[in-house]
Amino acid sequence: MVDRITAGEGQRQPSAVEQGRVRYRRTQNRRSVLISVGSTLVFAVLVWLALTASPGWEQVRASFFDPQVAWESLPTVLVGLWTNIQVLAIAVVGVAVLGSLLAIARTLRGPLFTPVRILAGAYTDIFRGVPLLLVLYLVGFGIPGLDIFGRMPAQFWGAIALVLCYSAYVAEVLRAGIEAVHPSQRLAARSLGLGYAKTLRLVVMPQAVRKVTPALMNDFVSMQKDVGLISVLGAVDAIRSAQILVASSYNFTPYVVAGVLFILLSLPMIRLTDWYSARARRREQIGGTV
């Protein structure tokens, strides 16, 4: 049935069939939401009942979920979390710069750049293979032993280790995005008189970043979590603050407080990543559902 157009107004009016489809979709969406909420509540209640009915629940509750200890430890852990946030801000900038340079180096054309491609490939292979904890130990305790930079705080070496490791991951993600851009885009840019640098900056990189944005956001979420590992170098961050409080109170609730704060720190980026991924999926499928 063809949609009607109101005379004099020039506005498109949905047909009766289309209106029925819209009502049906709304009904199905409401039904899905109600089922999702109900099933989630039932699952949460079952888990809660299973926990509280276990023989050692009272002991675990007193050791890990003491409200008074949580409230008393919150200010100290928050001060430590600020250290994590500062290291994270520095590491994000460093990873963005070094990761982009590595990705560009791995996609350089021509035999002249073979050594550069080999070095960039070796870098990504090494730092994607070595665990972050080992890199923290090697950087945080090994480089200061050379006595080149003088005495630097543990936060500095933690940020360096994060940049070294996550630059390798980000470089591979960006390289995949660069190689996913169709060669015709480069040819069209060069035919317009753009050089290699301008073609990469104005044509290739914007498309590459848009293609791999969800993967880059997931790497950022992982880095938000792993920034807590700088405590192994002695930095008084949220984890170290919680550890000090646990050692003085013999109660593990500060660890739970630190974990909740890290979740709250990561949650906005997690939700943003989910929203962007869903938005990109809708744009690709044009509203279709498989």
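Every read-out reported here was derived from the displayed coordinates using simple, explicitly stated rules and does not represent laboratory data. A quick note: this is a predicted structure, and the numbers were derived from the prediction, not measured. Glycine gets a Cβ as well: all are built from the backbone with ideal geometry, and neighbour counts include every protein chain shown.
Placing +1 on the Cβ of every Lys and Arg and -1 on the Cβ of every Asp and Glu, with no other charges, gives segment 132-253 a dipole of roughly 580 debye about its Cα centre. Using just its DSSP H runs of length 4 or more, each adding -39500 (n - 2.57), the chain gives a mean residue ellipticity at 222 nm of -25500 deg cm²/dmol after division by all residues. When the Gaussian network model of the chain links Cα atoms closer than 10 Å, the mean-square fluctuations of 134, 46, 267 top out at 46. Among 28, 155, 224, the residue with the largest mean-square fluctuation in a Gaussian network model of the chain, with springs joining Cα atoms closer than 10 Å, is 28.
Restricting segment 182-290 to chymotrypsin sites (Phe, Trp or Tyr not before Pro) that sit in a DSSP loop and have at most 11 other Cβ atoms within 10 Å of their own Cβ leaves 250.
Here the gap between residue 146 and residue 61, fully extended at 0.36 nm per residue and compared with their Cα-Cα distance, gives a gain of 25.9 nm.
One way to sum up the overall shape of the chain is the equivalent ellipsoid from its Cα gyration tensor, whose semi-axes run 42, 38, 14 Å, largest first.
Long hydrophobic helices in the chain, taken as whole DSSP H segments with a C-alpha length of 20 Å or more on their own axis and mean Kyte-Doolittle hydropathy at least 0.0: 16-53, 67-106, 114-129, 154-180, 253-285. Taking the chain as a Gaussian network of alpha-carbon nodes connected by springs under 10 Å, the highest mean-square fluctuation of the residues 91, 280, 176 belongs to 280. In the chain, Cα pairs under 8 Å separated by at least six residues give a relative contact order of 24 percent.
Taking trypsin sites (Lys or Arg not before Pro) that fall in a DSSP loop and have at most 12 other Cβ atoms within 10 Å as cut points, what is the longest piece of the chain between them? The answer is 152-290.
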